[in-house]
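Take a look at the structure below.
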Amino acid sequence: MGASTPTFASKIGRLRRVPTNGVELDVWDVGHGPTVLLLHGFPECRHSWRHQVPVLVDAGYRVLVPDQRGYAHSSAPQGDVRAYSILQLVADQVGLLDALGIGQAVVVGHDWGAHVASHFAMLRPARVRAIVQLSVPYRTTPWGTPLPTVLFAGVAGPGRRTYLGYFQDEGVAERAFDVDVARVLRAFFVGASGDTPADERLPIVFADDVAFLDACPDYGDRLPGWLTAEDFATYVEAFTASGFHGPIAWYRNYDANHRATAFLRGAFVRQPALYLGGAEDVGAPMVQAAYDALERSMPGLRHKAILPGAGHWLQQEAPDAVNEALLGFLRDL
(Lines give C-alpha, C1' and ligand atoms only; values in the text may rest on other atoms or scores of the structure.)
Protein backbone atom coordinates (compact mmCIF):
# COMPACT_ATOMS: atom_id res chain seq x y z
CA MET A 1 0.00 0.00 0.00
CA GLY A 2 3.00 2.31 -0.19
CA ALA A 3 3.26 3.27 3.49
CA SER A 4 5.06 6.52 4.09
CA THR A 5 8.02 7.18 6.38
CA PRO A 6 8.46 9.61 9.29
CA THR A 7 10.54 11.85 7.04
CA PHE A 8 7.88 12.16 4.35
CA ALA A 9 7.08 15.81 5.06
CA SER A 10 10.73 16.82 4.80
CA LYS A 11 11.11 15.01 1.49
CA ILE A 12 7.96 16.20 -0.23
CA GLY A 13 9.15 19.68 -1.14
CA ARG A 14 8.42 23.26 -0.34
CA LEU A 15 5.80 24.20 2.22
CA ARG A 16 4.48 27.69 1.52
CA ARG A 17 2.31 29.97 3.61
CA VAL A 18 -0.02 31.54 1.05
CA PRO A 19 -2.36 34.48 1.79
CA THR A 20 -5.74 34.05 0.12
CA ASN A 21 -9.26 35.38 0.66
CA GLY A 22 -8.40 36.93 4.03
CA VAL A 23 -6.76 33.79 5.46
CA GLU A 24 -3.42 32.03 5.14
CA LEU A 25 -3.08 28.42 4.04
CA ASP A 26 -0.13 26.08 4.44
CA VAL A 27 0.42 24.57 0.99
CA TRP A 28 2.78 21.99 -0.44
CA ASP A 29 3.89 23.39 -3.80
CA VAL A 30 5.87 20.71 -5.61
CA GLY A 31 6.95 19.96 -9.16
CA HIS A 32 6.62 21.66 -12.54
CA GLY A 33 4.08 21.45 -15.33
CA PRO A 34 0.27 21.57 -15.51
CA THR A 35 -1.23 22.18 -12.08
CA VAL A 36 -3.11 19.57 -10.04
CA LEU A 37 -4.81 20.87 -6.88
CA LEU A 38 -5.50 18.24 -4.20
CA LEU A 39 -8.21 19.03 -1.63
CA HIS A 40 -8.57 16.91 1.52
CA GLY A 41 -11.71 16.17 3.51
CA PHE A 42 -12.64 15.54 7.17
CA PRO A 43 -10.85 14.66 9.38
CA GLU A 44 -7.77 14.90 7.19
CA CYS A 45 -5.07 17.37 6.17
CA ARG A 46 -2.59 17.64 3.31
CA HIS A 47 -0.85 14.49 4.59
CA SER A 48 -3.75 12.41 3.23
CA TRP A 49 -2.30 12.93 -0.28
CA ARG A 50 1.17 11.62 0.61
CA HIS A 51 0.88 8.70 -1.83
CA GLN A 52 -0.26 10.84 -4.76
CA VAL A 53 2.15 13.79 -4.62
CA PRO A 54 5.42 12.04 -5.62
CA VAL A 55 3.68 10.05 -8.35
CA LEU A 56 2.14 13.18 -9.87
CA VAL A 57 5.41 15.10 -9.67
CA ASP A 58 7.29 12.24 -11.36
CA ALA A 59 4.66 12.29 -14.12
CA GLY A 60 5.38 15.96 -14.87
CA TYR A 61 2.77 17.90 -12.90
CA ARG A 62 2.93 20.80 -10.48
CA VAL A 63 1.03 19.72 -7.37
CA LEU A 64 -0.59 22.05 -4.83
CA VAL A 65 -1.79 20.51 -1.57
CA PRO A 66 -3.27 22.94 0.96
CA ASP A 67 -4.32 22.40 4.52
CA GLN A 68 -7.75 23.89 4.01
CA ARG A 69 -9.27 26.64 6.15
CA GLY A 70 -9.60 25.52 9.77
CA TYR A 71 -7.16 22.61 9.48
CA ALA A 72 -3.70 22.02 10.98
CA HIS A 73 -1.77 25.33 11.05
CA SER A 74 -3.74 27.13 8.33
CA SER A 75 -5.91 30.04 9.46
CA ALA A 76 -8.92 28.98 11.51
CA PRO A 77 -11.41 31.86 11.93
CA GLN A 78 -13.31 31.72 15.20
CA GLY A 79 -16.82 32.85 16.00
CA ASP A 80 -19.13 33.17 13.01
CA VAL A 81 -19.49 29.75 11.37
CA ARG A 82 -20.28 31.48 8.07
CA ALA A 83 -16.52 31.91 7.71
CA TYR A 84 -16.62 28.24 6.62
CA SER A 85 -19.34 28.50 3.98
CA ILE A 86 -18.85 26.77 0.64
CA LEU A 87 -18.47 30.18 -1.02
CA GLN A 88 -15.56 31.03 1.28
CA LEU A 89 -13.97 27.61 0.78
CA VAL A 90 -14.08 27.96 -3.00
CA ALA A 91 -12.80 31.54 -2.79
CA ASP A 92 -9.81 30.25 -0.79
CA GLN A 93 -8.80 28.01 -3.68
CA VAL A 94 -9.40 30.67 -6.34
CA GLY A 95 -7.23 33.03 -4.32
CA LEU A 96 -4.57 30.36 -3.94
CA LEU A 97 -4.29 30.00 -7.72
CA ASP A 98 -4.27 33.78 -8.08
CA ALA A 99 -1.52 34.19 -5.48
CA LEU A 100 0.69 31.70 -7.32
CA GLY A 101 -0.05 33.08 -10.77
CA ILE A 102 -1.84 29.92 -11.94
CA GLY A 103 -4.68 30.32 -14.40
CA GLN A 104 -6.17 26.84 -14.38
CA ALA A 105 -5.88 23.55 -12.49
CA VAL A 106 -7.23 20.04 -12.42
CA VAL A 107 -9.02 19.92 -9.07
CA VAL A 108 -9.05 16.63 -7.16
CA GLY A 109 -11.12 16.37 -4.00
CA HIS A 110 -11.81 13.73 -1.39
CA ASP A 111 -14.82 13.78 0.95
CA TRP A 112 -15.51 17.46 1.75
CA GLY A 113 -12.75 18.31 -0.72
CA ALA A 114 -14.90 16.71 -3.44
CA HIS A 115 -17.74 19.04 -2.45
CA VAL A 116 -15.42 22.06 -2.72
CA ALA A 117 -14.13 20.79 -6.08
CA SER A 118 -17.60 20.50 -7.63
CA HIS A 119 -18.59 23.99 -6.49
CA PHE A 120 -15.28 25.39 -7.70
CA ALA A 121 -16.00 23.82 -11.11
CA MET A 122 -19.46 25.39 -11.30
CA LEU A 123 -18.71 28.79 -9.78
CA ARG A 124 -15.43 29.44 -11.61
CA PRO A 125 -15.52 27.06 -14.59
CA ALA A 126 -12.70 28.79 -16.51
CA ARG A 127 -10.29 28.02 -13.65
CA VAL A 128 -11.03 24.28 -13.49
CA ARG A 129 -9.54 22.23 -16.33
CA ALA A 130 -11.06 18.99 -15.05
CA ILE A 131 -12.41 17.52 -11.83
CA VAL A 132 -11.77 14.30 -9.90
CA GLN A 133 -13.99 13.29 -6.98
CA LEU A 134 -13.18 10.58 -4.45
CA SER A 135 -15.77 9.02 -2.12
CA VAL A 136 -18.38 11.81 -2.46
CA PRO A 137 -20.01 12.17 -5.90
CA TYR A 138 -21.60 15.37 -7.14
CA ARG A 139 -25.36 15.45 -6.86
CA THR A 140 -27.52 17.87 -8.78
CA THR A 141 -29.84 19.45 -6.22
CA PRO A 142 -33.45 19.59 -7.46
CA TRP A 143 -35.55 22.71 -7.02
CA GLY A 144 -37.57 22.57 -3.82
CA THR A 145 -35.29 20.05 -2.09
CA PRO A 146 -35.70 20.25 1.72
CA LEU A 147 -32.89 21.70 3.79
CA PRO A 148 -30.04 19.25 4.39
CA THR A 149 -30.70 19.08 8.14
CA VAL A 150 -34.27 18.01 7.37
CA LEU A 151 -32.93 15.28 5.09
CA PHE A 152 -30.50 14.14 7.82
CA ALA A 153 -33.41 13.83 10.25
CA GLY A 154 -35.36 11.80 7.70
CA VAL A 155 -32.46 9.42 7.19
CA ALA A 156 -32.07 8.91 10.95
CA GLY A 157 -35.74 8.47 11.83
CA PRO A 158 -37.56 9.26 15.10
CA GLY A 159 -35.39 9.28 18.22
CA ARG A 160 -32.19 8.91 16.22
CA ARG A 161 -29.69 11.14 14.45
CA THR A 162 -26.78 10.95 12.07
CA TYR A 163 -23.32 12.18 13.01
CA LEU A 164 -24.00 15.01 10.52
CA GLY A 165 -26.94 16.03 12.68
CA TYR A 166 -24.86 15.68 15.85
CA PHE A 167 -22.38 18.18 14.42
CA GLN A 168 -25.05 20.90 14.09
CA ASP A 169 -25.13 21.94 17.77
CA GLU A 170 -22.36 24.51 18.08
CA GLY A 171 -19.73 23.69 20.67
CA VAL A 172 -20.98 20.20 21.54
CA ALA A 173 -18.86 18.02 19.25
CA GLU A 174 -15.68 20.07 19.50
CA ARG A 175 -15.77 20.14 23.31
CA ALA A 176 -15.96 16.36 23.29
CA PHE A 177 -13.47 15.87 20.46
CA ASP A 178 -10.74 18.23 21.66
CA VAL A 179 -10.36 16.22 24.89
CA ASP A 180 -8.90 13.16 23.12
CA VAL A 181 -7.79 13.88 19.56
CA ALA A 182 -6.28 10.43 19.01
CA ARG A 183 -9.49 8.67 20.03
CA VAL A 184 -11.55 10.79 17.64
CA LEU A 185 -9.23 10.19 14.71
CA ARG A 186 -9.21 6.44 15.39
CA ALA A 187 -13.01 6.46 15.44
CA PHE A 188 -13.06 7.85 11.91
CA PHE A 189 -9.98 6.21 10.38
CA VAL A 190 -10.61 2.74 11.83
CA GLY A 191 -14.39 3.00 11.77
CA ALA A 192 -14.62 3.97 8.09
CA SER A 193 -11.78 1.75 6.86
CA GLY A 194 -12.47 -1.05 4.42
CA ASP A 195 -10.44 -3.51 6.47
CA THR A 196 -12.64 -3.06 9.55
CA PRO A 197 -15.32 -5.76 9.93
CA ALA A 198 -18.78 -4.50 9.10
CA ASP A 199 -20.07 -4.90 12.67
CA GLU A 200 -17.25 -2.74 14.04
CA ARG A 201 -17.57 0.22 11.69
CA LEU A 202 -18.41 3.88 12.28
CA PRO A 203 -22.08 4.37 13.19
CA ILE A 204 -23.85 6.61 10.67
CA VAL A 205 -27.06 6.66 12.74
CA PHE A 206 -27.38 6.39 16.54
CA ALA A 207 -29.75 7.31 19.36
CA ASP A 208 -30.21 11.07 19.71
CA ASP A 209 -29.54 10.93 23.47
CA VAL A 210 -26.10 9.35 22.92
CA ALA A 211 -22.91 11.30 22.15
CA PHE A 212 -21.13 10.31 18.96
CA LEU A 213 -18.01 8.92 20.65
CA ASP A 214 -20.15 6.86 23.03
CA ALA A 215 -21.90 5.33 20.02
CA CYS A 216 -18.57 4.33 18.43
CA PRO A 217 -16.84 1.02 19.13
CA ASP A 218 -13.80 1.17 21.42
CA TYR A 219 -10.83 0.79 19.07
CA GLY A 220 -8.20 1.10 21.80
CA ASP A 221 -4.79 1.67 20.21
CA ARG A 222 -5.77 0.01 16.95
CA LEU A 223 -4.88 1.49 13.56
CA PRO A 224 -5.97 0.35 10.10
CA GLY A 225 -3.39 -1.56 8.08
CA TRP A 226 -2.87 1.31 5.64
CA LEU A 227 -1.97 3.88 8.34
CA THR A 228 1.40 3.76 10.07
CA ALA A 229 1.97 5.02 13.60
CA GLU A 230 4.09 7.84 12.16
CA ASP A 231 1.38 8.91 9.75
CA PHE A 232 -1.22 8.78 12.51
CA ALA A 233 1.02 10.97 14.69
CA THR A 234 1.04 13.54 11.88
CA TYR A 235 -2.76 13.70 11.97
CA VAL A 236 -2.83 13.94 15.76
CA GLU A 237 -0.40 16.87 15.64
CA ALA A 238 -2.49 18.60 12.97
CA PHE A 239 -5.73 18.38 14.96
CA THR A 240 -4.05 19.16 18.26
CA ALA A 241 -2.92 22.39 16.60
CA SER A 242 -6.25 23.30 15.02
CA GLY A 243 -8.82 21.78 17.32
CA PHE A 244 -12.11 20.68 15.79
CA HIS A 245 -14.07 23.95 15.72
CA GLY A 246 -13.08 24.91 12.18
CA PRO A 247 -13.44 21.47 10.57
CA ILE A 248 -16.84 20.88 12.18
CA ALA A 249 -17.99 24.40 11.24
CA TRP A 250 -17.91 23.22 7.60
CA TYR A 251 -20.81 20.89 8.51
CA ARG A 252 -22.74 23.66 10.23
CA ASN A 253 -23.05 25.47 6.91
CA TYR A 254 -25.09 22.77 5.18
CA ASP A 255 -28.36 24.70 5.37
CA ALA A 256 -26.69 28.07 4.74
CA ASN A 257 -24.87 26.63 1.72
CA HIS A 258 -28.16 25.26 0.42
CA ARG A 259 -29.67 28.73 0.54
CA ALA A 260 -26.58 30.56 -0.77
CA THR A 261 -26.22 28.29 -3.80
CA ALA A 262 -29.89 28.14 -4.77
CA PHE A 263 -28.89 29.51 -8.17
CA LEU A 264 -26.94 26.30 -8.81
CA ARG A 265 -29.86 23.92 -8.25
CA GLY A 266 -30.23 21.73 -11.29
CA ALA A 267 -26.77 22.74 -12.55
CA PHE A 268 -24.33 20.27 -14.06
CA VAL A 269 -20.56 19.95 -13.70
CA ARG A 270 -19.47 20.05 -17.33
CA GLN A 271 -15.67 19.70 -17.16
CA PRO A 272 -14.01 16.35 -17.89
CA ALA A 273 -14.56 14.27 -14.77
CA LEU A 274 -13.50 11.12 -12.95
CA TYR A 275 -15.17 9.53 -9.93
CA LEU A 276 -13.81 6.79 -7.66
CA GLY A 277 -15.49 5.28 -4.61
CA GLY A 278 -14.83 2.45 -2.18
CA ALA A 279 -16.92 -0.72 -2.13
CA GLU A 280 -16.63 -0.88 1.68
CA ASP A 281 -17.34 2.80 2.35
CA VAL A 282 -19.77 3.14 5.27
CA GLY A 283 -21.23 6.20 3.56
CA ALA A 284 -21.84 4.46 0.22
CA PRO A 285 -25.59 3.91 0.74
CA MET A 286 -26.05 7.65 1.35
CA VAL A 287 -24.45 8.57 -2.00
CA GLN A 288 -25.66 5.65 -4.15
CA ALA A 289 -28.31 7.71 -5.95
CA ALA A 290 -25.76 10.43 -6.75
CA TYR A 291 -23.33 7.81 -8.05
CA ASP A 292 -25.99 6.27 -10.27
CA ALA A 293 -26.83 9.71 -11.73
CA LEU A 294 -23.26 10.87 -12.47
CA GLU A 295 -23.55 10.46 -16.23
CA ARG A 296 -26.33 13.03 -16.16
CA SER A 297 -25.07 15.39 -13.44
CA MET A 298 -21.49 15.39 -14.83
CA PRO A 299 -21.88 15.25 -18.64
CA GLY A 300 -18.09 15.31 -19.03
CA LEU A 301 -17.67 12.12 -16.98
CA ARG A 302 -14.92 10.01 -18.53
CA HIS A 303 -14.97 7.14 -16.04
CA LYS A 304 -16.41 6.06 -12.70
CA ALA A 305 -15.43 3.05 -10.64
CA ILE A 306 -15.91 1.44 -7.25
CA LEU A 307 -12.67 0.00 -5.84
CA PRO A 308 -13.11 -3.40 -4.15
CA GLY A 309 -12.01 -3.72 -0.55
CA ALA A 310 -11.54 0.03 -0.04
CA GLY A 311 -13.43 2.06 2.52
CA HIS A 312 -13.85 5.81 2.79
CA TRP A 313 -10.17 6.81 2.90
CA LEU A 314 -9.71 5.93 -0.73
CA GLN A 315 -6.41 7.59 -1.71
CA GLN A 316 -4.78 6.19 1.44
CA GLU A 317 -6.33 2.71 1.40
CA ALA A 318 -5.89 2.01 -2.31
CA PRO A 319 -3.13 4.41 -3.47
CA ASP A 320 -1.94 2.27 -6.37
CA ALA A 321 -5.40 1.97 -7.89
CA VAL A 322 -6.16 5.65 -7.30
CA ASN A 323 -2.84 6.73 -8.80
CA GLU A 324 -3.31 4.55 -11.86
CA ALA A 325 -6.80 5.90 -12.50
CA LEU A 326 -5.73 9.50 -11.84
CA LEU A 327 -2.71 9.35 -14.14
CA GLY A 328 -4.76 7.71 -16.89
CA PHE A 329 -7.39 10.42 -16.62
CA LEU A 330 -4.80 13.20 -16.70
CA ARG A 331 -3.03 11.70 -19.74
CA ASP A 332 -6.31 11.62 -21.66
CA LEU A 333 -7.19 15.27 -21.07
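Through the Karplus equation 6.51 cos²θ - 1.76 cosθ + 1.60, θ set to phi - 60°, convert the phi angles of segment 208-217 into ³J(HN,Hα) values in whole Hz; use x for Gly and Pro.
3J(HN,Hα) across segment 208-217, in whole Hz: 6, 9, 10, 6, 3, 5, 6, 7, 7, x.
Computed from the mean reciprocal separation of all distinct C-alpha pairs, what Kirkwood hydrodynamic radius does the chain have, in Å?
Answer for the chain: a Kirkwood hydrodynamic radius of 19.9 Å.
Counting only the backbone N, which residues of segment 176-215 are under 14 Å from the spot 7 Å out from the Cα of Leu223 toward its beta-carbon?
Answer for this model: 182-183, 185-187, 189-190.
Rank Gly109, Val136, Thr20 by how far each Cα sits towards the positive end of the charge dipole of the chain (+1 on Lys, Arg Cβ; -1 on Asp, Glu Cβ) and give me just the farthest.
Projecting each Cα onto the dipole axis, the largest value belongs to Thr20.
With labels modelled as points extended 7 Å from the Cα through the Cβ direction, what inter-label distance (nm, one decimal) is found for Asp209 paired with Leu333?
Between Asp209 and Leu333, the label points sit 5.3 nm apart.
Under a 1.4 Å probe, what is the accessible area of segment 232-333 per residue, stated in Å²?
For segment 232-333, the per-residue accessible area is 39 Å².
State to the nearest 20 debye the size of the charge dipole of segment 205-246 about its Cα centre, where the only charges are +1 on K and R beta carbons and -1 on D and E beta carbons. Write down the numbers at each step before the final one.
On the way: 1 positive and 8 negative charges, 23 e Å.
Rounded to the nearest 20 debye, it is 100 debye.
Packing-wise, with mean Cβ within 10 Å as the measure, how do 122-128, 308-314, 257-263, 132-138 rank, highest first?
Highest mean packing first, the order is 132-138, 308-314, 122-128, 257-263.
Give me a comma-separated list of calculated 3J(HN,Hα) values for segment 275-282, in order, Karplus coefficients 6.51, -1.76, 1.60 applied at θ = phi - 60°, integers in Hz, x for any Gly or Pro.
Rounded to whole hertz, the list is 10, 10, x, x, 5, 9, 6, 5.
Got a sec? What order do Asp221, Asp67 fall in by accessible area at 1.4 Å, biggest, i.e. largest, first?
Greatest to least solvent exposure: Asp221, Asp67.
Quick check of the Kirkwood formula: for segment 212-306, what is the inverse mean of 1/r over all pairs of different Cα atoms, in Å?
That comes to 17.3 Å for segment 212-306.
Is segment 130-198 best put as rounded, prolate or oblate by its Cα gyration tensor, with a ≥ b ≥ c the root eigenvalues, rounded for a/c under 1.5, and otherwise prolate when a/b is larger than b/c, oblate when not?
Here segment 130-198 falls in the oblate category.
Using a 7 Å offset from the Cα along the Cα-to-Cβ direction at both Ala233 and Arg259, what is the distance between the two label points in nm, to one decimal?
4.6
Quick check for you: with a 1.4 Å probe and neighbouring chains kept, what is the accessible area per residue of segment 109-164, in Å²? Each step should come with its number before you reach the end.
Numbers: 2180 Å² over 56 residues.
Result: 39 Å² per residue.
Size of the dipole of segment 225-282 about the Cα centre, Lys and Arg at +1 and Asp and Glu at -1 on the beta carbon, nothing else charged, in debye to 20? Write down the numbers at each step before the final one.
Numbers: 4 positive and 6 negative charges, 118 e Å.
Dipole magnitude for segment 225-282 comes out near 560 debye.
Probe radius 1.4 Å, ligands and nucleic acids ignored: give me the carbon and sulfur share of the accessible area of the chain as a rounded percent. It would help to have the intermediate numbers written out before the result.
On the way: 6970 of 12980 Å².
The value for the chain is 54 percent carbon and sulfur by accessible area.
Could you give me the ³J(HN,Hα) list for segment 231-242, computed from phi with Karplus coefficients 6.51, -1.76, 1.60 and θ = phi - 60°, whole Hz, x at Gly and Pro?
Computed from phi, the couplings for segment 231-242 are 5, 4, 4, 5, 5, 4, 4, 4, 7, 5, 5, 8 Hz.
Quick one: if the Förster radius is 45 Å, what FRET efficiency do Glu170 and Asp58 give, using the C-beta to C-beta distance and rounding to 0.05?
With a Förster radius of 45 Å, E is 0.55.
The values are calculated or read from the model by the stated rules, or taken from the named source; none is laboratory data. These numbers come from a predicted model, not from an experiment. Here Cβ is always computed from backbone atoms with ideal geometry, including for glycine, and neighbour counts include all displayed protein chains. To get the accessible areas, we keep the full protein, side chains included, count just its heavy atoms, and leave off ligands, DNA and RNA. Shrake-Rupley method; radii C 1.70, N 1.55, O 1.52, S 1.80 Å.
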